[in-house]
Amino acid sequence: MIADEIKNKILSHIEEHFSEEEVSIASSKFQIEIPDSPEKGDLTCNIALILGNITKSNPKEIGLEIGNILKELNLVSSIEVAGPGFINIFLNHSGTLKIIKDILNKNTIREEADSKKIQVEFVSANPTGPLHVGHGRGAIYGDVISKLLEKKGHEVQKEYYVNDAGRQIDILTASVYLRAINIEDNIFPESAYRGEYIKEIAKNADLQEAVNIDDLFKSLPEEDEEKIDKIISNLKSASEKDWKSIKKVSLESVLSTIEKDLEDFGVTFDNWFLESSLLGADSKIDAAVQQLNTNNLIDNRDGNIWFKSSDFGDDKDRVLIRTDGRQTYFASDVAYHKDKLDRGFDEIINIWGSDHHGYIKRVEASLEGLGYDKNKLSVKLVQFANLIKGGSPVKMSTRSGEFYSLEDLLSDVGSDVARFYYLSKQTDQHLDFDLDLAVSSKKENMYYYIQYAHARICSLEKKAGLKDFLAEDISEDHVDICSNLIHEISKYPNVLEKTCNNLSPHLLIFYLKDLASIFHNFYNDNKILDKSESEKLTILAVTHTIKEVIADSLNLLGVKALEEM
């Protein structure tokens with residue numbers, strides 16, 4: 001890439017003329033950027049300003065000296081030192097062609113020299129019903145950042161943690177069980193799952209023993225949560241065999257629905273990790289607790305087994321094992337994260353809903369307590385999206401049974417539109433997703449606006465009757481007519497690098513919106529096919545590069561670029 005060539009040339013020069021310490025400081029702060037407009041150059045860098053501050057020398061003199069060195073690359077036509085010491089670099093025709101060639105040859109990003117084995121765990125919603133749209137944002141984000149990490153050369157494993165043990169699964173099982181024995185709505189527990197999917201699962205329940213309904217509902221507590229817990233206990237007592245059978249059918253049905261819905265959105269996983277695999281005799285939870293005990297970090301208080309997480313900056317200690325021997329959810333988390341690192345991952349990334357912010361410190365504390373480097377864990381918080389349909393928010397409560405599912409979203413707007421809009425804003429910020437706007441042909445619809453640019457260029461190329469579009473077709477005599485387009489294209493490698501390094505897909509969408517806007521304005525101002533042959537070839541080579549940038553970017557987001565609309 002041209003920015004790399006320029007940076008390497010500058011570093012080679014300053015290594016000969018400045019001390020090792022000065023070069024080290026300057027290198028850490030050295031940046032090459034694309035100016036806002038072509039009038040300020042094709043590239044700009046801050047090295048003269050940095051060196052001037054370090055050496056107390058005149059940055060303009062340093063900049064002019066570096067500018068003379070850059071001309072040796074045969075890519076630079078001129079430089080100017082602006083402001084307090086920024087070097088604005090103007091490329092010659094060879095430099096312009098190199099930008100286009102690099103993009104057409106997919107030479108747009110630097111792979112990491114030291115690649116890592118990285119696990120990304122995301123979605124991991126309780127398997128108690130179909131995924132609703134609140135889960136969709138994290139699902140798409142996890143899928144796309146996995147693609148970004150792979151583009152940088154890392155080995156990535158995508159994992160879904162299945163909470164197939166604990167109280168929520170008991171409530172799911174009880175809900176299906178109650179529907180299977182035809183409990184009517186008027187006595188159906190408020191705290192049970194009430195969706196139509198529960199009735200569908202119940203149709204596949206094969207009960208072996210009869211249940212006395214009067215005994216089941218006798219002497220129940222008044223409080224809803226206590227009531228469902230008592231019903232669960234009664235159902236387990238009525239028939240352990242039927243309970244286990246219904247639990248198995250319920251989990252398999254819900255997980256199958258979850259997996260299908262995610263696949264329909266282009267999201268697949270390399271591994272589905274079961275919480276239940278952490279339990280049992282000689283369990284992974286027992287091993288984790290024993291290791292903490294060996295490290296003198298376990299405290300027995302009031303019959304509970306506590307982890308001294310406050311020793312590692314947590315706001316309080318955490319219970320691992322209750323007085324009745326039941327493990328807490330936190331105990332499972334401790335064992336699960338230990339298992340992740342024991343599998344040899346260099347880095348583990350958790351994508352959690354923003355409501356899990358308070359869990360970060362306790363999980364980090366557990367890793368430190370177990371003797372692992374907590375910096376191997378990175379947590380990305382995702383705000384749930386607020387979806388608007390017909391001017392009103394859609395419901396997202398799985399428990400009530402009245403919710404807008406991912407399947408509904410796919411039916412209404414399609415996978416590509418949903419993926420695009422889920423990624424269109426920084427994930428730790430609130431997102432309002434207007435479903436009506438997302439399928440409209442308005443200019444305000446970013447998805448439509450960007451896809452229309454790609455489709456327009458496809459149509460333009462068909463009308464021109466050309467198949468090959470080469471950088472060499474860009475005539476030096478006509479390059480000025482496309483200067484704004486080329487300048488915007490040149491930003492792509494930098495944007496892509498920042499997108500991958502920061503795991504921020506929204507940066508790519510913002511860039512595509514600007515690129516599409518500049519193209520549409522150019523298209524509307526120019527009758528391209530009526531130009532002279534050499535002028536037309538120049539424009540088509542540049543617009544073809546725009547088409548490739550849009551297609552490559554959308555592909556990285558898991559979105560198909562449309563050839564016609």
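Kindly check whether there is at least one residue in the range 492-508 that is in contact with a Phe, Trp or Tyr (Cβ under 6 Å, 6 or more places away or on another chain) and under 21 Å from Leu97 (Cβ atoms). Steps first, please.
Keep residues of the range 492-508 that are in contact with a Phe, Trp or Tyr (Cβ under 6 Å, 6 or more places away or on another chain), which gives 495.
Going one step further and asking which of them are under 21 Å from Leu97 (Cβ atoms), we end up with 495.
Checked the range 492-508: at least one residue is in contact with a Phe, Trp or Tyr (Cβ under 6 Å, 6 or more places away or on another chain) and under 21 Å from Leu97 (Cβ atoms).
Among the residues of the range 223-244, are any at negative phi, part of a helix (DSSP H, G or I), hydroxyl-bearing (Ser, Thr, Tyr) and more than 38 Å from the chain's Cα centre (by Cα)?
Taking the range 223-244 and keeping what is at negative phi, we get 223-244.
If we keep only those that are part of a helix (DSSP H, G or I) too, we end up with 224-238, 240-244.
Still in the list and also hydroxyl-bearing (Ser, Thr, Tyr): 233, 237.
Checking the rest, the ones that are also more than 38 Å from the chain's Cα centre (by Cα) come to 233, 237.
Yes, that holds for at least one residue.
If we scan the range 8-27, do we find a residue that is in contact with a strand residue (DSSP E or B) (Cβ under 8 Å, 6 or more places away or on another chain), modelled with pLDDT under 90 and crowded, with 16+ Cβ neighbours inside 10 Å? Full working, then the answer.
Initial filter on the range 8-27 (in contact with a strand residue (DSSP E or B) (Cβ under 8 Å, 6 or more places away or on another chain)): 10.
Those still in the list that are modelled with pLDDT under 90 too: none.
No, the range 8-27 has no match at all.
Mind listing whichever residues of the range 118-175 are assigned to a helix (DSSP H, G or I) and aromatic (Phe, Trp, Tyr)?
First pass over the range 118-175, keeping only residues assigned to a helix (DSSP H, G or I): 133-151, 167-175.
Scanning the range 118-175 gives a single hit, Tyr141.
When the range 368-390 is examined, which residues are found to be in a helix (DSSP H, G or I), aliphatic (A, V, I, L, M) and in contact with a strand residue (DSSP E or B) (Cβ under 6 Å, 6 or more places away or on another chain)? Quick ask: steps written out before the conclusion?
To start, the set of residues in the range 368-390 that are in a helix (DSSP H, G or I) comprises 368-370, 374-376.
Now drop any that are not aliphatic (A, V, I, L, M), which leaves 370.
Result: no residue meets the conditions.
Those residues that are among the small types (Gly, Ala, Ser) and in a loop (DSSP other than H, G, I, E, B), I need them from the range 176-222; list them, please.
Matches in the range 176-222: Ser191, Ala192, Gly195, Ala205, Ala210, Ser219.
Go through the range 113-165 and report how many residues are touching a Cys at 6+ places or on another chain (Cβ under 9 Å) and within 23 Å of Lys338 (Cβ to Cβ).
1
Tell me, please, whether a residue that is in a helix (DSSP H, G or I), within 25 Å of His93 (Cα to Cα), under 25 Å from the mean Cα position of the chain (by Cα) and in contact (Cβ under 8 Å) with a residue 12 or more places away in the chain can be found in the range 539-547. Don't jump to the end; show me each part of the working.
From the range 539-547, those in a helix (DSSP H, G or I) are 539-547; that's our starting set.
In the following step, the residues that additionally are within 25 Å of His93 (Cα to Cα) were identified as 539-547.
Narrowing further to those that are under 25 Å from the mean Cα position of the chain (by Cα): 546-547.
Those still in the list that are in contact (Cβ under 8 Å) with a residue 12 or more places away in the chain too: 546-547.
Checking the range 539-547: at least one residue is in a helix (DSSP H, G or I), within 25 Å of His93 (Cα to Cα), under 25 Å from the mean Cα position of the chain (by Cα) and in contact (Cβ under 8 Å) with a residue 12 or more places away in the chain.
Just wondering, is there one or more residues in the range 141-152 that are without any contact (Cβ under 8 Å) to a residue 12 or more places away in the chain and under 30 Å from Gln119 (Cα atoms)?
Within the range 141-152, one or more residues are without any contact (Cβ under 8 Å) to a residue 12 or more places away in the chain and under 30 Å from Gln119 (Cα atoms).
What are the residues in the range 218-228 that are surrounded by fewer than 18 Cβ atoms within 10 Å (Cβ to Cβ) and either small (Gly, Ala, Ser) or modelled with pLDDT of 90 or more (or both), if any?
Our first condition is that a residue be surrounded by fewer than 18 Cβ atoms within 10 Å (Cβ to Cβ); within the range 218-228, this holds for 218-227.
Correct list: Ser219, Leu220, Pro221, Glu222, Glu223, Asp224, Glu225, Glu226, Lys227.
Looking only at residues that are touching a Pro at 6+ places or on another chain (Cβ under 8 Å) and not in a loop (DSSP other than H, G, I, E, B) in the range 92-115, which one is surrounded by the most Cβ atoms within 10 Å (Cβ to Cβ)? It would help to see each step written out before you state the result.
Filtering the range 92-115 for residues touching a Pro at 6+ places or on another chain (Cβ under 8 Å) gives 102-103, 108-109.
Next, from what is left, pick out any that are not in a loop (DSSP other than H, G, I, E, B): 102-103.
Values: Asp102: 20, Ile103: 22.
This residue is Ile103.
Restricting attention to the range 435-465, which residues are charged (D, E, K, R) and surrounded by fewer than 16 Cβ atoms within 10 Å (Cβ to Cβ)? Before the answer, list the steps.
Looking only at the range 435-465, we keep the residues that are charged (D, E, K, R), and these are 436, 442-444, 456, 461-463.
Residues satisfying the conditions are Asp436, Lys442, Lys443, Glu444, Lys462, Lys463.
Here are some conditions: (1) surrounded by fewer than 16 Cβ atoms within 10 Å (Cβ to Cβ); (2) part of a loop (DSSP other than H, G, I, E, B). Glu61 meets all but one. Which one does it not meet?
Evaluating Glu61 over (1) surrounded by fewer than 16 Cβ atoms within 10 Å (Cβ to Cβ); (2) part of a loop (DSSP other than H, G, I, E, B) leaves (2) as the failure.
Is it true that Pro38 is surrounded by fewer than 21 Cβ atoms within 10 Å (Cβ to Cβ) and in contact with a Ser or Thr (Cβ under 6 Å, 6 or more places away or on another chain)?
On the way: surrounded by fewer than 21 Cβ atoms within 10 Å (Cβ to Cβ): yes; in contact with a Ser or Thr (Cβ under 6 Å, 6 or more places away or on another chain): yes.
It is true that Pro38 is surrounded by fewer than 21 Cβ atoms within 10 Å (Cβ to Cβ) and in contact with a Ser or Thr (Cβ under 6 Å, 6 or more places away or on another chain).
Looking at (1) over 30 Å from Val382 (Cβ atoms); (2) hydroxyl-bearing (Ser, Thr, Tyr); (3) touching a helix residue (DSSP H, G or I) at 6+ places or on another chain (Cβ under 6 Å), which one does Ser532 not meet, given that it meets all the others?
(3)
Give the residue, chosen from Asp480, Asp473, Asp432, that is surrounded by fewer than 17 Cβ atoms within 10 Å (Cβ to Cβ), of a type in the set (Asp, Glu) and within 30 Å of Thr96 (Cα to Cα). Full working, then the answer.
On the way: Asp473 fails: surrounded by fewer than 17 Cβ atoms within 10 Å (Cβ to Cβ); Asp432 fails: within 30 Å of Thr96 (Cα to Cα).
The match here is Asp480.
Before we move on, is Glu33 exposed (fewer than 15 other Cβ atoms within 10 Å of the Cβ) and closer than 28 Å to Glu111 by Cβ?
Against the criterion (exposed (fewer than 15 other Cβ atoms within 10 Å of the Cβ) and closer than 28 Å to Glu111 by Cβ), Glu33 qualifies.
Conditions: (1) touching a residue at least 40 places away in the same chain (Cβ under 8 Å); (2) assigned to a helix (DSSP H, G or I). Thr44 meets all but one. Number of the miss?
Unmet for Thr44, out of (1) touching a residue at least 40 places away in the same chain (Cβ under 8 Å); (2) assigned to a helix (DSSP H, G or I): (2).
Out of Leu70, Leu51, I need the residue that is under 30 Å from Glu111 (Cβ atoms), in contact (Cβ under 8 Å) with a residue 40 or more places away in the chain, out of contact with any Leu (no Cβ under 8 Å at 6 or more places or on another chain) and in a helix (DSSP H, G or I). Which one? So that I can check it myself, show each step before the final result.
Details: Leu51 fails: in contact (Cβ under 8 Å) with a residue 40 or more places away in the chain.
Every option except Leu70 fails the conditions.
Give the residues of the range 239-264 that are surrounded by 17 or more Cβ atoms within 10 Å (Cβ to Cβ) and among the basic types (Lys, Arg), sorted by residue number.
Hit for the range 239-264 is Lys247, nothing else.
Looking only at the range 412-437, count every residue that is outside any loop (DSSP other than H, G, I, E, B) and not hydroxyl-bearing (Ser, Thr, Tyr) and tell me the total. If you could, list the steps in order and put the result at the bottom.
The initial filter retains those residues of the range 412-437 that are outside any loop (DSSP other than H, G, I, E, B), namely 412-413, 415-422, 431-437.
If we keep only those that are not hydroxyl-bearing (Ser, Thr, Tyr) too, we end up with 412-413, 416-420, 431-437.
Counting residues in the range 412-437 that are outside any loop (DSSP other than H, G, I, E, B) and not hydroxyl-bearing (Ser, Thr, Tyr) gives 14.
Among the residues of the range 443-471, what is the count of those that are modelled with pLDDT under 90 and either in a helix (DSSP H, G or I) or under 30 Å from Phe384 (Cβ atoms) (or both)?
The qualifying residues number 2.
The values are calculated or read from the model by the stated rules, or taken from the named source; none is laboratory data. All values derive from a computational prediction rather than experimental measurement. All Cβ positions, even for glycine, are placed from backbone atoms using ideal geometry, and neighbour counts span all protein chains on display.
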